[in-house]
Amino acid sequence: MATTRTDELARLRPQLMVFALQRTRCRDQAEDAVQEALVAALEGLQGYSGISSLSTWLFGILKHKIVDGRRRRPREDSVDIDLDELMHDRPGPEQSCASRKALAAIDRSLDCLPGRSAQAFVLREVLGEETAEVCRLLSVTPTHCWVLVHRARLRLRACPEVGRIATEADA
């Protein structure tokens, strides 16, 4: 009779593996849990009352073994994290928010500048166009381009909102 039950336990192993894989999502952990459940079932086979089916009893043992494995895992896993891996070059949320606020303030301030000064500033300083290209687009001489950009910078620095942001950035 015991061999019939052990044969039935062996036949249930593939179903137990599927069940364990669905819950652990790790083949090694699933195999460990199934192995522990089968060992526990073999050791406790004399205590099996037969009230529920053998598969129900075995799946119950497996569920408990999976939970036990999850409880043990945090203590077994070492925390060998390289702090450099956690760092990234992208700005954090505070910096992104500050950048958005600064850009919005500059955008509002650019609206207060004369049209050609604002265009020259945006083309040269924001978009990074070469002076020759800015001159071609605006039909101005290089000297006039530099004057327009210089005046735009001065007016932007004088703007209270932009001045406050520049001061915060320096701090």
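Just a few scattered comments:
- Radius 13 Å from Cβ of Leu38, net charge of other residues (Lys, Arg +1; Asp, Glu -1): -2
- As a proxy for reagent exposure, Glu129, Glu43 were ordered by neighbouring Cβ count within 10 angstrom, fewest first; the result is Glu43, Glu129.
- Ordered by the number of other Cβ atoms lying within 10 Å of each residue's own Cβ, fewest first, Cys145, Cys112, Cys26 fall into the sequence Cys112, Cys26, Cys145.
- Basic side chains Lys and Arg get +1 at the Cβ, acidic Asp and Glu get -1 at the Cβ, and with that the dipole of segment 1-43 about its Cα centre reaches some 220 debye.
- Value of relative contact order over segment 2-75, rounded to a whole percent, pairs C-alpha under 8 Å and six or more apart: 37 percent
Read-outs: derived from the displayed coordinates by stated rules, not from any lab. Here the structure is a predicted model, which means the values were calculated and not measured. Every residue, glycine as well, gets a Cβ built from its backbone with ideal geometry; the counts of neighbours run over all protein chains shown.
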